[in-house]
1. Determine whether the stretch 102-109 contains at least one residue that is part of a loop (DSSP other than H, G, I, E, B) and either hydrophobic (A, V, I, L, M, F, W, C) or over 18 Å from Phe293 (Cβ atoms) (or both).
2. Do any strands (runs of 3 or more DSSP E) entirely within the stretch 223-328 hold 3 or more residues that are β-branched (Val, Ile, Thr), and if so, which?
3. Look through Arg297, Arg268 and report the one residue that is within 17 Å of the chain's Cα centre (by Cα), open to solvent by 50 Å² or more (accessible area, probe 1.4 Å), farther than 25 Å from Ser157 by Cβ and not acidic (Asp, Glu).
4. Could you list, in sequence order, all residues of the stretch 90-127 that are free of Cβ contacts under 8 Å to residues at least 40 places away in the same chain and surrounded by 13 or more Cβ atoms within 10 Å (Cβ to Cβ)?
5. Kindly indicate whether any position in the stretch 12-22 is open to solvent by 10 Å² or more (accessible area, probe 1.4 Å), touching a residue at least 24 places away in the same chain (Cβ under 8 Å) and within 14 Å of Leu79 (Cβ to Cβ).
6. Of all residues in the stretch 191-222, how many are closer than 27 Å to Gly146 by Cβ and outside any strand (DSSP E or B)?
7. Of Ser180, Ser157, which residue is farther than 15 Å from Gln231 by Cα, open to solvent by 30 Å² or more (accessible area, probe 1.4 Å), modelled with pLDDT of 95 or more and among the hydroxyl-bearing types (Ser, Thr, Tyr)?
8. Assess whether Leu83 counts as being outside any loop (DSSP other than H, G, I, E, B) and under 12 Å from Gly328 (Cβ atoms).
Amino acid sequence: MVLNNKDYSFFHSVEWAKILNDAYKYLPKYFVNNSDDVNTAIIPFMLVKNVLPIKRLVSLPFSDYCEPLIYREEDFKPLIDFLISYCEIEKIQSFEIRGGKGYFKEVQSAYSYYEHILELDGKEDEVFKRFSETTRRNIKKAIKEGIKTSIDFDMNSLEEFYRLNCITRKKHGLPPQPFSFFIKIFNNLIKEKKAFIISAKHKNEIVASAIYFYFGEKAYYKYGASDERFQNFRPNNLVMWEAIKHFIGRKFKSFHFGRTEFENEGLRRYKLGWGTSEKIINTYIYSVNKKAFIQKRTNTTGFHNTIFGKLPIPVLKSISGLIYRYIG
């Protein structure tokens, strides 16, 4: 049923729900409107509690977006009205929906960001020609420098990815997700061949790595990491190109590059360089106390980045185990 809706994504999958539940103990709450035993509107949430405790419903934590699955547009508003009543009764402070721009007609969004999508509607050489000159040059440079890639499904590759991920997150002034979270991804997806890791090696050393998900006819770049010492060899570009080629060969329809904050113009240019189309995703947050949809800062950049960037990686790992469950 999910796959029959044009707005479906990997983040609607059972596997993603299991990962969020297993890793962070979030309780799934799926709100459904049905008529004559047929579901006509579905919004999946996870119940997130912080240390106070304050309860929030999020659709969905750590997801690039999660569009409401609406089969009859007239059933969207009654479902939102029911959701508001439910939160009032259960003393849930807010709910957050990452998507739904087409249905929240006159509602103020909390914040917005970009999504970039590459349509895989051609052969390898045809898709390659759509890339910017810089992107094509960087792919060729990585090949010339002797970077080799492999598609991996083993624990050793996950451990290497996590090592690089810790380095990359520190560079950006952020703690990494706990390794236990990636273990859940491994057990629910990678081991079951529903996701994979692409590793890039220079000689015998892994210098870049990324995790890709797929669901239905859509493929997703989700997590990437690299060793900055080898950045000049452009291994990340080759990793991405190898993933795109893989999905073209398997007849996937689209490749999704993930969310990009408005202020991150460099990342936006990088993704546009792959011949992508760009769309804006709105996030909507309803405050029960204020009885209104509110605006909110994303808080992805700030003074905390400077602090985290100065901390040793073992300390960042310890912090991640304490905070990520409450971030959601």
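The values are calculated or read from the model by the stated rules, or taken from the named source; none is laboratory data. Values in this document were obtained by computation on a predicted structure and should not be read as measured data. Note that we place each Cβ from the backbone using ideal geometry, even for glycine, and neighbour counts take in every protein chain shown. To get the accessible areas, we keep the full protein, side chains included, count just its heavy atoms, and leave off ligands, DNA and RNA. Shrake-Rupley method; radii C 1.70, N 1.55, O 1.52, S 1.80 Å.
1. Keep residues of the stretch 102-109 that are part of a loop (DSSP other than H, G, I, E, B), which gives 102-109.
If we keep only those that are either hydrophobic (A, V, I, L, M, F, W, C) or over 18 Å from Phe293 (Cβ atoms) (or both) as well, we get 104, 107.
Looking for residues that are part of a loop (DSSP other than H, G, I, E, B) and either hydrophobic (A, V, I, L, M, F, W, C) or over 18 Å from Phe293 (Cβ atoms) (or both), one finds at least one in the stretch 102-109, hence yes.
2. On the way: elements: 254-261, 277-287, 292-294.
Fully inside the stretch 223-328 and qualifying: 277-287.
3. Numbers: Arg297 fails: within 17 Å of the chain's Cα centre (by Cα).
Answer to the check: Arg268.
4. Residues satisfying the conditions are Gly102, Tyr103.
5. So the first thing to find is which residues in the stretch 12-22 are open to solvent by 10 Å² or more (accessible area, probe 1.4 Å), and the list is 12, 14-15, 17-18, 21-22.
When the remaining residues are screened for being touching a residue at least 24 places away in the same chain (Cβ under 8 Å), the result is 12, 15, 17-18, 21-22.
With the extra rule that they be within 14 Å of Leu79 (Cβ to Cβ), the set shrinks to none.
So far as the stretch 12-22 goes, no, none of its residues is open to solvent by 10 Å² or more (accessible area, probe 1.4 Å), touching a residue at least 24 places away in the same chain (Cβ under 8 Å) and within 14 Å of Leu79 (Cβ to Cβ).
6. Count: 2.
7. Values: Ser157 fails: open to solvent by 30 Å² or more (accessible area, probe 1.4 Å).
Just one listed residue meets the conditions, Ser180.
8. On the way: outside any loop (DSSP other than H, G, I, E, B): yes; under 12 Å from Gly328 (Cβ atoms): no.
Spelling it out, it is not the case that Leu83 is outside any loop (DSSP other than H, G, I, E, B) and under 12 Å from Gly328 (Cβ atoms).
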